[in-house]
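So the structure is just underneath, and the comments pick up after that.
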Amino acid sequence: MTAVRKLSEAAEGTPPPRHFLELMDFTTPALRRMLDLAAAAKRRQVPGKPLAGKSVALIFEKPSTRTRVSFEVGIHQLGGQPIVLSAKDMQSSRGETLSDTAQVLSRYVDAIMLRTGDVNRIRELARHATVPVINGLTDISHPCQLMADVLTFEEHRGPIAGQVVAWIGDGNNVAQSFIQAAARFGFILRLATPAALRPPQALIDWARAEGATIELTEDPVTAVRGARCVVTDAWVSMNDEGTGGEGPNRHNLLAPYQVTEALMRHAAPDAIFQHCLPAHRGEEVAAEVIDGPQSVVFDEAENRLHAQKGVLLWALGEG
Ligand code: CP
Ligand code: NVA
């Protein structure tokens with residue numbers, strides 16, 4: 001009993017964990033600090049092994065290539081131990097609550113990354129965890145991706161504030177994190193989506209109230225005109241699968257939104273092309289664009305590794 005009381009007393013005096021759930025939760029300087037840490041990690045200027053003796057649980061309720069490997073390798077390179085957990089192998093798949101899962105894992109590990117199809121699940125996990133919880137993608141957001149995307153833009157084209165970024169296609173989870181990023185990093189975001197696939201109005205209203213410039217259109221050419229960065233993503237996201245929303249109607253709606261060489265010609269002459277991957281050549285992007293000279297998609301994928309090191313160092317108080 002004494003030991004139990006001591007642990008809970010210690011928890012009461014401890015500052016709240018540094019969760020990384022949504023970009024909107026942070027000030028611009030806090031996000032900039034994480035990007036500075038990311039850039040330092042990329043230049044190998046993070047001394048020693050800052051995560052030595054620390055473990056990070058990586059829970060996947062959805063498939064992943066980049067998120068899984070970049071987190072696993074990044075934690076290892078920082079001296080920590082990654083523990084990859086497929087949700088189907090966990091007791092939560094047999095009904096154990098997220099509250100119990102969060103409290104148990106918090107006794108073993110120093111941080112938890114979760115990829116899930118329901119944002120309420122990561123919110124619930126974070127509510128009960130006493131260690132930082134990191135968002136590795138939900139149905140409405142992908143903040144780690146945006147940290148890598150901003151890092152990639154700035155490496156290629158300098159400060160992103162005031163620049164025009166054009167999002168073409170589905171107003172999905174990544175698009176919604178782009179809206180949050182526009183508010184925090186100060187770039188002008190133009191979204192060209194079919195009306196039925198527009199991101200939620202409440203999020204657009206939030207971003208505008210924060211001072212962001214968010215322009216909405218159904219015309220890809222209008223969105224792309226003069227843009228320094230053109231971005232797209234899969235027409236069918238993981239969360240659309242099995243919902244009936246992934247069928248021919250969606251493809252028909254999105255067919256005019258393929259990023260082609262002809263569309264890229266309307267962007268700034270030095271525009272870069274971004275895609276979080278996985279990509280579907282011949283659907284959201286033409287092979288000539290994603291495999292062409294304007295594409296930075298593999299720098300972007302590499303930068304997941306560095307950006308997440310920045311997030312981890314910040315979350316674990318090592319920055
Ligand atoms: N971009 C991205 O998150 O890729 P994975 O689904 O492979 O993790
Ligand atoms: N929008 C995509 C991103 C994958 C990284 C999805 O949610 O499936």
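The values are calculated or read from the model by the stated rules, or taken from the named source; none is laboratory data. Note that the structure is a prediction, hence the values are computed from the model and not measured. Using ideal geometry, Cβ is built from the backbone for each residue, glycine included, and neighbour counts are taken over all protein chains shown. Protein only, heavy atoms only, side chains kept; ligands, DNA and RNA dropped before computing areas. Shrake-Rupley method; radii C 1.70, N 1.55, O 1.52, S 1.80 Å.
Note on Lys309: aspartates and glutamates with a C-alpha under 15 Å away, same-chain residues under 8 apart excluded, are Asp36, Glu72, Asp110, Asp149, Glu300, Glu318. Modelled spin labels at Glu241 and Asp270, positioned 7 Å past Cα toward Cβ, are 4.0 nm from each other.
Full extension of the chain between Glu154 and Arg225 gives 23.6 nm of extra length, using 0.36 nm per residue less the Cα-Cα distance. Would you work out what percent of the accessible area of the chain, with all protein chains in place, is carbon or sulfur (probe 1.4 Å)? Answer for the chain: carbon and sulfur cover 52 percent of the accessible area. Anisotropy class assigned to the range 162-319 is rounded, per the alpha carbon gyration tensor with a/c under the 1.5 cut-off. Here, the range 71-137 is characterised by an Rg to Rh ratio of 0.95, where Rg is the alpha-carbon radius of gyration and Rh the Kirkwood radius. Under the criterion of Cα pairs below 8 Å and six or more residues apart, the relative contact order for the range 202-319 equals 26 percent. When the helices of the chain are scored as -39500 (n - 2.57) per DSSP H run of n ≥ 4 and the total is divided over every residue, the value at 222 nm lands at -12500 deg cm²/dmol. The GNM of the chain, with springs linking C-alpha atoms under 10 angstrom apart, assigns the highest mean-square fluctuation among Trp235, Trp206, Trp167 to Trp206. A P(r) calculated from all alpha carbon pairs of the chain, with 20 Å bins opening at zero, reads 33, 56, 11, 0 percent.
Please name which of Pro15, Gly53, Ile122 has its Cα lying farthest along the dipole of the range 7-126 towards the positive end, using unit charges on Cβ (Lys, Arg +1; Asp, Glu -1) and the Cα centre as origin. Result: Gly53. Placing +1 on each Lys and Arg Cβ and -1 on each Asp and Glu Cβ, with no other charges, gives the chain a dipole about its Cα centre of roughly 1000 debye. With protein chains left intact and a 1.4 Å probe, residues in the range 152-282 average 38 Å² of accessible area per residue.
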